[in-house]
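A.B. asks: What follows is a single structure, and I will ask about it in a moment.
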Amino acid sequence: MLRLTGIRKVFYPHSVNERVALRSIDLHLAPGDFVTVIGSNGAGKSTLLNVISGRILADAGDVVIDGQSVTRMPEYRRARMVARVFQDPMAGTAPHLTIEENLSIAHARGRGSGLRRAITRAKRARFREELATLELGLEDRLGTPVGMLSGGQRQALSLLMATYVQPKILLLDEHTAALDPSRAALISRLTTVAIERNHLTALMVTHNMSQALAMGNRLVMMHDGAIVLDVPAAEKDRLTPQHLLDEFARIKGAAFSDRTLLD
Amino acid sequence: MIIALQLGLLYAVMALGVYLTYRVLDFPDLTVDGSFTTGASVTSVLIVGGQSPLLATVAGLLAGAVAGCVTGLLHTAGRINPLLAGILTQIALYSINLRIMGKANVPLLGQTTLLSPLRDSGQLTTWVGVGVFAGVVLAVGLVTVWFLGTDMGVALRATGDNEAMASSQGVSVDRAKVLGLTISNALVGLCGALVAQFAGFADISMGIGLIVAGLASVIIGQALLSGRTVWVAVVAVVLGSIVYRGVIQIALGVGLNPNDMKLISAVLVVVALVLPRTAPLRQWRRLRASRVAVPDLTETDAPEAAAPTGEAAR
Ligand SMILES: Nc1ncnc2c1ncn2[C@@H]1O[C@H](COP(=O)(O)OP(=O)(O)OP(=O)(O)O)[C@@H](O)[C@H]1O
Ligand SMILES: [Mg+2]
């Protein structure tokens with residue numbers, strides 16, 4: 001479903017600020033794979049998701065989605081295949097537009113936006129139905145500007161918008177990190193439901209070890225622009241957060257001793 | 001006062017264009033000063049050349065559209081900062097407008113214009129004239145409201161509101177910006193065409209500082225009538241334009257001369273921008289916002305970003 005080969009991304013190349021964000025990433029996701037991604041700050045997780053969604057174009061390598069090479073395709077054209085939810089609850093919705101207007105944009109995704117009415121009675125009925133699945137009472141507030149919702153409500157709406165028109169790939173970048181524990185749990189539950197209901201292929205970045213283990217069927221650890229650990233479904237169930245922490249320490253130690261060897 | 005009302009209504013067409021860029025797209029577009037004169041000069045030259053005034057007016061509208069499209073392409077394809085892209089087009093249009101007119105001023109006296117029937121029957125500066133202009137503004141306003149309610153219009157609004165979100169939801173934000181600038185300057189060109197026919201001439205300097213009048217109308221309108229639906233915003237812009245012309249007319253009435261008007265306009269905009277941010281007004285807005293805020297059913301904390309309308313008044 002998703003195949004990355006030799007993905008490389010360097011920020012500010014040939015300058016003092018040069019920063020290799022992705023060294024050479026190879027990753028293959030089968031249809032229905034739900035991969036959790038962990039790794040230290042600056043490991044390149046967000047950059048990887050940006051390369052998949054098209055927000056950033058890779059310097060080298062190929063991105064293939066469902067057999068189609070999208071390496072050079074701009075973000076807005078990939079949107080019919082790739083949907084995402086960001087860490088910042090403000091990022092996934094337009095604050096001055098109403099809930100139904102926001103949803104109408106998700107509704108038009110992949111269809112192109114013509115001169116048809118954005119809001120019709122039929123669409124409204126569907127919006128209500130979909131919002132009701134969130135169980136937040138948003139179905140009765142279609143005309144409310146999204147800026148008046150709380151972070152948790154906005155994130156739930158972002159998630160609904162991302163999966164409204166079924167994408168091939170769903171990207172989640174620490175999408176529960178800005179929420180308090182109970183709302184993070186709510187969004188996690190909604191995420192699992194949405195992925196199962198739509199049989200989505202998904203990548204979820206998280207810093208929460210137990211979340212990384214509890215969700216998904218596969219786990220990937222990144223460090224310094226590379227994938228350093230890829231745990232398949234069978235092994236993932238046996239892992240504990242302590243295993244992951246030990247692995248982290250081992251990899252960081254390895255990186256450290258490499259450097260000391262060089263000195 | 002009829003004259004202020006008429007000018008307010010006529011210039012409201014331009015102000016609606018400014019609303020589309022400044023407010024909807026969040027793109028401060030300075031093309032306006034040039035594209036207004038382009039609309040006026042194209043129309044005037046065609047009328048003098050014997051073309052039908054309707055055709056000439058449509059040509060003025062299209063000329064404005066082209067100017068807006070150029071600014072849009074400078075910004076999107078050329079990656080030029082919005083303000084600079086607008087200024088570049090505006091300056092270039094100064095030369096182009098002179099080329100179109102061949103001189104600095106094209107009089108329309110004695111020519112058949114769209115307004116000739118009104119002028120000839122002596123109704124131009126009466127309430128009949130006001131009614132006709134109101135009809136024009138109503139039509140333009142309705143089309144604007146209709147457009148902003150289509151999928152494309154909502155995509156445009158989302159682009160101005162949260163570009164990253166729009167792009168991730170499949171909106172080509174570059175195309176949306178070019179489209180918005182094109183439509184906006186089409187309205188500005190149309191306004192230039194109408195003003196030239198009303199005033200009886202096109203002049204190379206008629207657009208100078210016009211963007212400030214447009215901004216003033218949008219900002220005054222929003223200060224007077226803030227609402228979150230598109231049609232309220234559109235009505236507010238028209239209202240703002242009328243109030244603005246009224247204030248200018250009063251300023252002229254107390255003995256200030258037309259050359260002082262640019263200063264008055266700038267001061268008006270500053271006041272309209274700063275005043276809503278002063279403490280008592282903010283408090284009032286916050287009160288209103290909290291009354292309509294949505295209780296969060298999942299948790300207890302207060303909703304953030306509680307005042308989108310207040311935010312919009314900046
Ligand atoms: N737009 C950018 N411009 C320049 N450098 C960038 C940019 N985005 C990321 N980087 C750099 O690339 C590296 C990887 O960043 P990235 O955001 O992918 O890390 P991350 O794994 O998501 O980290 P975190 O856990 O903190 O979110 C970092 O060193 C970062 O400074
Ligand atoms: Mg990140």
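The values are calculated or read from the model by the stated rules, or taken from the named source; none is laboratory data. Predicted, not measured: the structure shown is a model, and the values here were computed from it. Ideal geometry is used to build each Cβ from the backbone, glycine not excepted, and the neighbour counts take in all protein chains shown. The accessibility values were calculated without ligands, DNA or RNA, using every heavy atom of the protein model including side chains. Shrake-Rupley method; radii C 1.70, N 1.55, O 1.52, S 1.80 Å.
A.B. asks: Along the Cα-to-C-beta direction of B:TRP146, a point sits 7 Å from the Cα; which residues of the stretch B:162-206 have their amide N less than 12 Å from that point?
C.D. replies: Backbone N within reach: none found.
A.B. asks: Indicate the gyration tensor shape class of the protein assembly as shown (rounded, prolate or oblate), computed on the Cα atoms with a ≥ b ≥ c the square roots of the eigenvalues: a/c under 1.5 is rounded; otherwise a/b larger than b/c is prolate and the rest oblate. Mind dumping the intermediate values first?
C.D. replies: On the way: a/c = 2.56, a/b = 2.05, b/c = 1.25.
Prolate.
A.B. asks: Starting at the first residue of the stretch B:100-113, write each ³J(HN,Hα) from the Karplus equation 6.51 cos²θ - 1.76 cosθ + 1.60 with θ = phi - 60°, in whole Hz, x for Gly and Pro.
C.D. replies: Along the stretch B:100-113, the couplings run 4, 7, x, 7, 7, 8, 10, x, 10, 4, x, 8, 7, 10 Hz.
A.B. asks: I'd like the mean, over residues of B:147-153, of how many other protein chain beta carbons sit within 10 Å of each residue's own Cβ.
C.D. replies: Working: counts 1, 2, 7, 9, 13, 7, 5.
Mean number of neighbouring Cβ atoms from other chains: 6.
A.B. asks: Can you classify the stretch B:132-290 as rounded, prolate or oblate using the Cα gyration tensor, where a ≥ b ≥ c are the square roots of its eigenvalues, rounded means a/c under 1.5, and otherwise it's prolate if a/b beats b/c and oblate if not?
C.D. replies: Here the stretch B:132-290 falls in the oblate category.
A.B. asks: Calculate the length of the line joining the C-alpha centroid of the stretch A:180-203 to that of the stretch B:102-156, in whole Å.
C.D. replies: The stretch A:180-203 and the stretch B:102-156 have Cα centres spaced 54 Å from each other.
A.B. asks: Give the interface area between chains A and B as buried accessible surface, both sides summed, probe 1.4 Å, in Å² to the nearest 100.
C.D. replies: Its buried surface, counting both partners, is about 3600 Å².
A.B. asks: If ligands, DNA and RNA are left out, what is the accessible area of A:ARG3 with a 1.4 Å probe, given in Å² to the nearest 10?
C.D. replies: 110 Å²
A.B. asks: Positive end of the dipole of the protein assembly as shown, charges at C-beta (+1 Lys, Arg; -1 Asp, Glu), about the Cα centre: which of A:ALA177, A:LEU229, B:ILE96 has its Cα farthest in that direction?
C.D. replies: My answer, from the dipole projection, is B:ILE96.
A.B. asks: Please check the stretch B:224-242 for residues whose accessible area, probe 1.4 Å, is lower by 10 Å² or more when all protein chains are in place than in their chain alone.
C.D. replies: When all protein chains are present, B:ARG228 each give up 10 Å² or more of accessible surface.
A.B. asks: For the protein assembly as shown, what does the accessible surface come to per residue with a 1.4 Å probe? Please give it in Å².
C.D. replies: Using a 1.4 Å probe on heavy atoms only, each residue of the protein assembly as shown averages 43 Å².
A.B. asks: Separate question: Which residue, chosen from B:THR125, B:VAL171, B:ALA40, occupies the Cα position most advanced towards the positive end of the dipole of the stretch B:2-207, where the dipole is computed from +1 (Lys, Arg) and -1 (Asp, Glu) charges on Cβ about the Cα centre?
C.D. replies: Going by the Cα projections, it comes out as B:ALA40.
A.B. asks: Sort A:HIS107, A:HIS199 by heavy-atom solvent-accessible area, probe 1.4 angstrom, most to least. Numbers along the way, then the final one.
C.D. replies: Details: A:HIS107 30, A:HIS199 145 Å².
My answer, sorted largest first, is A:HIS199, A:HIS107.
A.B. asks: Can I ask one more? Which one of A:ALA118, A:ILE195, A:ALA212 has its Cα pushed farthest toward the positive end of the charge dipole of chain A, where Lys and Arg give +1 and Asp and Glu give -1 at the Cβ?
C.D. replies: The residue sitting most towards the positive pole is A:ALA118.
A.B. asks: Indicate the residues belonging to the stretch A:39-66 that lose 30 Å² or more of solvent-accessible heavy-atom surface (probe 1.4 Å) upon moving from the chain alone to the assembly of all protein chains, ignoring ligands and nucleic acids.
C.D. replies: When all protein chains are present, A:ARG55 each give up 30 Å² or more of accessible surface.
A.B. asks: What percentage of the solvent-accessible surface of chain B, computed with a 1.4 Å probe over protein heavy atoms, is contributed by carbon and sulfur atoms? It would help to have the intermediate numbers written out before the result.
C.D. replies: Numbers: 9160 of 13380 Å².
So the carbon and sulfur contribution to the accessible surface is 68 percent.
A.B. asks: Whenever you get a sec, compute what percent of the accessible area on the stretch A:82-193 sits on carbon and sulfur atoms (1.4 Å probe).
C.D. replies: In the stretch A:82-193, the share of accessible area belonging to carbon and sulfur is 52 percent.
A.B. asks: While we're here: Quick one: of the DSSP bridges fully inside the protein assembly as shown, what percent are antiparallel, nearest 5? Provide the component values of the computation, followed by the final result.
C.D. replies: Details: 24 of 42 bridges.
Among the beta bridges of the protein assembly as shown, antiparallel pairing accounts for roughly 55 percent.
A.B. asks: Can you list the aspartates and glutamates whose alpha carbon is less than 12 Å from that of B:LYS103, not counting same-chain residues fewer than 8 positions off?
C.D. replies: Straight-distance partners of B:LYS103: B:ASP203.
A.B. asks: Could you tell me the accessible area of B:LEU109 in Å² (1.4 Å probe, neighbours in place), rounded to the nearest ten?
C.D. replies: Answer for B:LEU109: close to 150 Å² accessible.
A.B. asks: Treating the angle as unsigned and between 0 and 90°, give the value, to the nearest 10°, between the Cα long axis of helix A:99-108 and the longest Cα principal axis of chain A.
C.D. replies: In chain A, helix A:99-108 runs at an angle near 70 degrees to the longest axis.
A.B. asks: Moving on. Taking a 1.4 Å probe, which of B:ILE2, B:ILE208 shows the most accessible area, and what order do the others take after it?
C.D. replies: Largest accessible area first, the list is B:ILE208, B:ILE2.
A.B. asks: What FRET efficiency do you get for B:LEU55 and A:ARG72 if R0 is 41 Å and r is their Cβ-Cβ distance, rounded to the nearest 0.05? Walk me through the numbers before you get to the answer.
C.D. replies: Values: r = 44 Å, r/R0 = 1.08.
Between B:LEU55 and A:ARG72 the formula returns 0.40.
A.B. asks: Can you give the helix-only mean residue ellipticity at 222 nm for chain B, where every DSSP H stretch with n ≥ 4 adds -39500 (n - 2.57) and the sum goes over all residues, rounded to the nearest 500 deg cm²/dmol?
C.D. replies: Calculated mean residue ellipticity at 222 nm is -23500 deg cm²/dmol.
A.B. asks: Using heavy-atom solvent-accessible surface (probe 1.4 Å) with all chains present, what is the largest-first order of A:HIS175, A:HIS96, B:HIS75? Before the final figure, lay out the partial values.
C.D. replies: Details: A:HIS175 5, A:HIS96 65, B:HIS75 30 Å².
So the residues, ranked largest to smallest area, are A:HIS96, B:HIS75, A:HIS175.
A.B. asks: What are the residues of the stretch A:80-101 that lose 50 Å² or more of accessible area, with a 1.4 Å probe, going from their chain alone to all protein chains?
C.D. replies: Hits at the 50 Å² cut-off: A:HIS96, A:LEU97.
A.B. asks: How large is the dipole of the protein assembly as shown about the Cα centre if only Lys and Arg carry +1 and Asp and Glu carry -1, each at its Cβ, rounded to the nearest 20 debye?
C.D. replies: Magnitude of the dipole: close to 920 debye.
A.B. asks: Ok, one more. Express the Stokes-Einstein translational diffusion coefficient of the stretch B:2-207 in µm² s⁻¹, to the nearest whole number, given a Kirkwood radius over alpha-carbon pairs, 10 °C and a viscosity of 1.306 mPa s.
C.D. replies: Numbers: Rh = 17.2 Å.
Taking Rh from Cα pairs, D becomes 93 µm²/s.
A.B. asks: Once phi is turned into θ = phi - 60°, what whole-Hz ³J(HN,Hα) does the Karplus curve with 6.51, -1.76 and 1.60 give for every residue of the stretch A:177-183, x standing for Gly and Pro?
C.D. replies: Per residue, the Karplus-derived 3J(HN,Hα) values read 5, 8, 9, 6, x, 5, 6 Hz.
A.B. asks: Accessible surface of B:VAL271 in the full protein assembly, 1.4 angstrom probe, to the nearest 10 Å²?
C.D. replies: About 70 Å², ignoring ligands and nucleic acids.
A.B. asks: Using the crude model of +1 on Lys and Arg Cβ and -1 on Asp and Glu Cβ, and no other charge, please compute the dipole size for the stretch B:2-207 relative to its Cα centre, in debye to 20.
C.D. replies: On the way: 8 positive and 9 negative charges, 51 e Å.
Its charge dipole is roughly 240 debye.
A.B. asks: Which value, in debye to the nearest 20, gives the size of the charge dipole of the stretch A:1-115 about its Cα centre, when Lys and Arg are +1 and Asp and Glu are -1 at the Cβ?
C.D. replies: With Lys and Arg at +1 and Asp and Glu at -1, about 200 debye.
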